[in-house]
1. Against the condition more than 19 Å from residue 320 (Cβ to Cβ) and aromatic (Phe, Trp, Tyr), how does residue 110 come out, does it pass?
2. Of the numbered conditions (1) surrounded by 22 or more Cβ atoms within 10 Å (Cβ to Cβ); (2) at pLDDT 85 or above; (3) of a type in the set (A, V, I, L, M), residue 94 fails exactly one; give the number of that condition.
3. Name every residue in the range 206-236 that is among the aromatic types (Phe, Trp, Tyr) and assigned to a helix (DSSP H, G or I), in order of residue number.
4. Select, from 254, 271, 275, the only residue that is farther than 19 Å from residue 74 by Cβ and of a type outside the set (D, E, K, R).
5. Considering only the range 55-71, I want to know if a residue exists there that is of a type in the set (Val, Ile, Thr), part of a helix (DSSP H, G or I) and over 29 Å from residue 107 (Cβ atoms).
6. Among the listed residues 269, 247, 285, which satisfies the condition of being crowded, with 17+ Cβ neighbours inside 10 Å, of a type outside the set (Ser, Thr, Tyr) and at pLDDT below 80?
7. Give just the number: which of (1) out of contact with any His (no Cβ under 9 Å at 6 or more places or on another chain); (2) at pLDDT below 90; (3) in a helix (DSSP H, G or I) does residue 99 not satisfy?
8. Which one of 74, 81 is surrounded by fewer than 17 Cβ atoms within 10 Å (Cβ to Cβ), part of a helix (DSSP H, G or I), at pLDDT 90 or above and at negative phi?
Amino acid sequence: MKRIRDLIWPLVAVAAVAWSVRLLYKKLLAEVAIDPAVRKLLGHGVFADLKLIVAVIAERLADIPWHGYGLALLSTLVAYLALAWYDRIALIHLGREKGISWLYIAICSFVTYALSHNIGASVFSGGMVRFRAYTAKGLSPHEIAVLVAICSFTFAFGTILLTGLVLLYEPQILRPLAELSPFIARRSNIEAFGRLVGMACLAFCTLYTVGAWLHFRPLKIGGFELVYPRLPIVARQYLAAPLELVGAAGIIYFALPADTSPNFMIVLGAFLLSFSAGLLSQVPGGIGVMEAVFLAIMPGVPPTSLFAALLVWRLFYLILPLLMSIPAILMFEHSQLGRAAREVEPPKDLLRH
């Protein structure tokens, strides 16, 4: 039975790789199909569609200067290093950071978010990767569940914190969204409403920090216990979460044309609102949702330039990490399969007798 269980996970990994490759093609196809003129040329076979995809991508990306790509790539590295910090923070909270190197955490985090950002259902897809990686390091299922919860909350905390700051300084960012949201359209003073929401977001962050300062008791649900993070953990969350979101938004900002690009706070606000809407919609990569929100918030930016910037973001933040995660999954599962084989292999002395 142990041998069978050891074989199941590599099969799951191969299925995940096949799913990822198929998803990669569908994602690129959906990107170029946004343009109605290009959509008419699709549907003449896989190879013809691939050729058209490559041509459209090349045309859209040719106008972006090289220094824009360099800064976008640097922003991507910042974002994924901050995501690895999420895992490190959770391990410190659990007191299990010893014996797990930064490199191991970074690779695990990278594969986790590469899959969850593209496939969606992050608790399942990302949770499975972390379960495989951290059980190999001795963590229990309970500890891994806490780790996933801490990482998810760190992201949510950063989103709430930065949204509060953006709405305090740029509350007019909500006005263009009145066309998409009847709830916002019913507000008589959208700027005042935006500032009120911003203050509520920052108040939540303050209360969370006070709870860490006062050492709130652990939350117990049946046999599950979640210990309230202490101030050193919260201080790290104040740094890591905004760093990741600023890095992700920076990819789009540096890929936009300098003459029509709004200030960074507007781009950051548009990213926070659109990325959150994409997550809530459960659409992999937020395709369509992010474009709609960005176009509403930034009407002064040419749609073609905006689509190109979002394509750069998808390439750097979603698609390239997905491609890079596939060999990482295969190498890990190969090593685990070899380890399992060595554990069940009888000693050579016993075979001679």
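The values are calculated or read from the model by the stated rules, or taken from the named source; none is laboratory data. Nothing here was measured: the structure is a model prediction, and the numbers come from that model. Methodologically, a virtual Cβ is constructed for each residue, glycine included, from the backbone with ideal geometry; neighbour enumeration extends over all protein chains shown.
1. Considered against the rule, which asks whether it is more than 19 Å from residue 320 (Cβ to Cβ) and aromatic (Phe, Trp, Tyr), residue 110 comes out as no.
2. (1)
3. Those that are among the aromatic types (Phe, Trp, Tyr) and assigned to a helix (DSSP H, G or I): 208, 213.
4. The unique qualifying residue is 275.
5. yes
6. Going through 269, 247, 285 in turn, the sole match is 285.
7. Condition (3) is where residue 99 drops out.
8. The match here is 74.
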